[in-house]
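Asks: Sharing a structure with you now.
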Amino acid sequence: MFKKNRHGIQIKSPEQLEKMRAAGLVVGRTLDLLKRSVRPGMTPLDLDVIAEKAIREEGAIPSFKGYQGFPATICASVNDEVVHGIPTNARQLREGDIISIDCGAILDGWHGDSAVTVAVGEVAPELVELMRVTEESMWRGIAALKVGANLSNIGFQVEKYVKSQGRYGIPQEYGGHGIGTEMHMDPWIANHGKPGRGPVLEEGMCLAIEPMVNLGGARTRVLADEWTVVTMDGKPSAHFEHSVAVTHNGPWVLTALDGGKERLAQLN
């Protein structure tokens with residue numbers, strides 16, 4: 001039922017890709033709602049409540065909630081939190097903060113996974129630039145998803161762009177992943193490295209591309225809650241992610257409302 005290539009990477013049929021797209025759109029619409037909802041005075045838990053309601057109203061299931069014990073629908077990572085922040089009412093968002101919102105949903109057994117980093121009100125210019133660089137590096141990585149290309153080309157393009165923009169840190173231990181009937185599947189996808197290495201991309205592969213970029217150094221640590229990853233130097237971090245299908249017509253961005261057409265056209 002679920003075809004895999006010789007590397008153990010799941011290959012989806014056209015019909016299965018349509019189901020992946022349906023799950024991806026649930027996530028895309030939920031993140032669009034969350035982006036529009038962010039404002040000073042909210043708590044990360046407020047956003048989590050909005051996300052769970054939106055996902056369940058579409059007949060889907062939050063994929064993060066209960067995953068390896070994670071207690072919430074979204075990961076909400078504020079300022080120096082890189083990824084996997086647990087949304088709580090412990091603090092309110094303030095003008096000038098940035099918040100990474102990572103969201104996943106399961107629809108008819110198929111997963112969608114995407115993340116955005118959002119400014120809370122007006123933020124410092126260096127944070128606007130950090131978010132721009134991180135998002136653009138994601139799109140550069142997505143554009144490398146071409147049939148016949150090597151997997152490592154993705155991370156190479158992410159790192160190449162980030163390094164061309166200034167002195168940013170890319171955490172080495174976190175990256176993207178395959179996605180399909182499970183949220184995290186083979187292969188793991190580094191956000192750095194040399195091109196021309198690793199498995200060859202095939203039509204029907206679905207990959208989550210997700211660069212994390214720090215305003216300071218690359219080193220991170222995990223807090224006592226055993227989930228929240230923060231920068232070692234306390235400087236802010238941004239995170240963007242899309243789930244993408246490899247097709248003969250190029251990348252199909254399953255979690256982008258327009259399939260990625262607008263942004264990918266700008267890179268061609």
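The values are calculated or read from the model by the stated rules, or taken from the named source; none is laboratory data. Note that the structure is predicted; figures quoted are calculated from it, not measured. Methodologically, a virtual Cβ is constructed for each residue, glycine included, from the backbone with ideal geometry; neighbour enumeration extends over all protein chains shown.
Asks: Are any residues in the range 141-161 surrounded by fewer than 19 Cβ atoms within 10 Å (Cβ to Cβ) and at negative phi, and if so, which ones?
Replies: LYS146, VAL147, ALA149, ASN150, LYS160
Asks: Do you know which residues across the range 84-118 are more than 25 Å from LEU17 (Cα to Cα), of a type in the set (A, V, I, L, M, F, W, C) and in contact with a strand residue (DSSP E or B) (Cβ under 6 Å, 6 or more places away or on another chain)?
Replies: Within the range 84-118, ILE98, ILE99, VAL118 meet the criteria.
For (1) under 19 Å from ILE101 (Cβ atoms); (2) crowded, with 22+ Cβ neighbours inside 10 Å; (3) basic (Lys, Arg), each residue gets a yes or a no:
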| site | (1), (2), (3) |
| --- | --- |
| SER164 | no, no, no |
| GLY176 | yes, yes, no |
| GLY180 | no, yes, no |
| GLY193 | no, no, no |
| GLY198 | no, no, no |
| ILE209 | yes, yes, no |
| VAL213 | yes, yes, no |
| GLY216 | no, no, no |
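Asks: In addition: Could you tell me whether VAL128 is crowded, with 20+ Cβ neighbours inside 10 Å and either closer than 17 Å to ASP32 by Cα or aliphatic (A, V, I, L, M) (or both)?
Replies: no
Asks: Across the range 119-176, what is the number of residues that are within 18 Å of the chain's Cα centre (by Cα), farther than 13 Å from SER237 by Cα, without any contact (Cβ under 8 Å) to a residue 60 or more places away in the chain and outside any helix (DSSP H, G or I)?
Replies: Total satisfying the criteria: 5.
Asks: If the requirement is being at pLDDT 95 or above and buried (at least 22 other Cβ atoms within 10 Å of the Cβ), which of these qualifies: GLU52, GLU81, GLU57, GLU95?
Replies: Answer to the check: GLU81.
Asks: Would you pick out the residues in the range 20-63 that are outside any helix (DSSP H, G or I), more than 19 Å from the chain's Cα centre (by Cα) and over 21 Å from GLY180 (Cα atoms)?
Replies: Once the filter is applied, which keeps residues that are outside any helix (DSSP H, G or I), more than 19 Å from the chain's Cα centre (by Cα) and over 21 Å from GLY180 (Cα atoms), the range 20-63 yields ARG39, PRO40, GLY41, MET42, THR43.
Asks: For GLY112, are the conditions met, namely being surrounded by 24 or more Cβ atoms within 10 Å (Cβ to Cβ) and within 23 Å of PRO211 (Cα to Cα)?
Replies: So GLY112 passes the test.
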